1. Just want to confirm a number: the relative contact order over segment 271-373, from Cα pairs under 8 angstrom separated by 6+ residues, in percent.
2. Applying 1/(1 + (r/R0)^6) with R0 = 45 Å to the Cβ-Cβ distance of Glu93 and Arg194, what FRET efficiency is obtained, to the nearest 0.05?
3. Quick one: grab the alpha carbon gyration tensor of segment 271-373, order the square roots of its eigenvalues as a ≥ b ≥ c, and give me rounded if a/c is under 1.5, else prolate or oblate depending on whether a/b is larger than b/c.
4. Going by average Cβ density within 10 Å per residue, which order do the peptides 414-422, 304-312, 397-405 take, highest to lowest?
5. Given a Förster distance of 25 Å, report the FRET efficiency between Ile411 and Asp377 from their Cβ-Cβ distance, rounded to the nearest 0.05.
6. Shape of segment 219-269 from its Cα gyration tensor (a ≥ b ≥ c, root eigenvalues): rounded if a/c is under 1.5, otherwise prolate when a/b > b/c, or oblate?
7. By per-residue mean of other Cβ atoms within 10 Å, what is the highest-first order of 264-272, 22-30?
8. Just want the answer: with Cβ charges of +1 for Lys and Arg and -1 for Asp and Glu, which residue in Leu315, Leu348, Val359 is farthest toward the dipole's positive end in segment 301-402?
Amino acid sequence: FVDDGTKIVQLLLEKPLDRERQSSFQLMLTATDGGSPPRSGSARILITVLDSNDNAPTFAREIYKVSLIENSPRGTLVVSVHATDLDEGSNAEVTYCFSNRVSQKMQELFSLDPRAGEIRVQGIIDYEGASSYSLDVQAVDNGSPAITGHSKVLIKVIDVNDNAPEIKVTIVSSMVPEDATPGTVTALVNVNDRDSGNNGKVHCEIHKNVPFKLQSSSKGHYKLITSDMLDRENNPLYNIAILARDSATPSLSTNKTILITVSDINDNAPRFIRPMDTVYVTENNVPGASIFAVTAFDPDQDQNSNVTYSFIDNLIQDLPLSNYLNLNSMNGTIYALRSFDYERVKNLQFQVQARDAGVPPLSSSATLNVIILDQNDNAPVIVSPSEQSGSAGVEVVPQSAGQGYLVTKIIATDADSGQNARLVYQVLKATDPSLFIVGLN
């Protein structure tokens with residue numbers, strides 16, 4: 001009570017208020033006197049609960065899970081996060097940001113709109129660099145002090161086929177001998193594709209028209225081996241194109257070329273251009289003159305193709321061939337060592353050997369027939385009638401011999417041959433030319 005008899009009533013709060021549950025109260029206060037009958041008066045009390053910043057912003061999801069295609073362009077919307085605050089006024093105004101656990105590198109890849117909560121791409125999204133990202137996002141209200149809510153965004157990057165296969169070659173031997181057996185390893189080939197799934201599944205092959213093949217040793221690892229015998233003389237060099245193609249649609253591929261050189265072995269004997277030949281030499285030739293040259297070719301290489309020539313031992317009229325001919329061992333030129341006499345030697349038949357310098361050496365031979373041509377270097381010799389003691393022959397003719405009577409037959413020979421030995425007879429001198437004639441033959 002106060003001095004004037006007025007009673008003061010105090011309304012006390014019995015337990016804490018929660019504006020977010022009930023923001024206002026309506027009370028009816030009634031005062032009743034002690035008279036009889038009692039009289040009363042009422043007053044209506046309206047209580048409004050004022051907000052305090054006692055609620056943190058709450059995200060719609062604790063964890064946001066989204067997928068994002070790699071290489072998405074700048075500005076692509078990844079996800080929109082949303083948080084609400086049960087408070088009101090400035091206490092309910094929410095601003096979005098990345099937490100300090102999000103690295104600077106991540107913030108270069110993604111941006112977050114502080115008002116709208118939109119996370120967008122602002123860097124290059126590369127599946128091969130990272131296949132997923134985790135972003136800690138927070139919502140901060142505008143209260144004093146401010147209260148923060150948290151959520152996590154998990155981004156799964158979807159791979160696209162943006163990487164061609166990579167081929168790495170380790171040469172075992174760039175020089176392969178032509179006698180290498182099939183299965184000889186010439187190179188190791190490693191194939192890799194940074195993409196995933198079918199985008200990273202790689203098939204490797206080479207062209208079928210070479211005597212090489214790829215042999216798989218493990219996933220992505222191959223051996224380049226010989227598949228057939230090699231022949232340097234037919235193909236001394238191979239440019240082997242390796243093709244690696246992934247299994248995506250459309251696929252990406254990579255080519256790499258390996259250079260393989262076939263080294264020579266001595267597998268070819270020298271071959272004469274003319275394995276049989278005939279040479280014609282006129283007798284009375286100049287000694288030391290060249291009469292012929294043989295030529296042999298060896299398709300091998302370097303010392304395996306160096307050819308030297310020699311005679312195969314042979315006797316000509318019981319004399320060594322070297323008494324008649326000389327052979328230049330380097331170029332195959334044949335020289336006559338003497339002047340041939342057709343009347344003594346009419347032909348020489350012998351063999352020339354060509355031998356290479358390989359180890360072991362290989363050789364072949366050619367047969368050469370040298371025919372001596374006759375010259376008219378022999379005068380006819382009258383053998384009948386013969387001279388007697390240096391005097392002319394005497395023939396007795398009967399006095400009764402008539403015209404056409406055979407007085408004698410003259411026989412002559414010529415050591416030459418052919419036309420050179422064909423004889424014609426004539427009377428050179430007679431005491432009386434009108435008495436006798438001689439037949440031409």
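1. The value is 39 percent.
2. Rounded to the nearest 0.05, the efficiency is 0.50.
3. prolate
4. The most tightly packed comes first, giving 304-312, 414-422, 397-405.
5. So, using R0 = 25 Å, E works out to roughly 0.70.
6. In terms of gyration-tensor shape, prolate.
7. 264-272, 22-30
8. The residue sitting farthest along the positive end of the dipole is Val359.
Laboratory data are not the source of any read-out in this text; all were calculated from the coordinates shown. From a predicted model like this one, the values you see are computed outputs, not experimental measurements. When we count neighbours, we look across all protein chains shown, and the Cβ atoms used for this are built from the backbone with ideal geometry, even at glycine.
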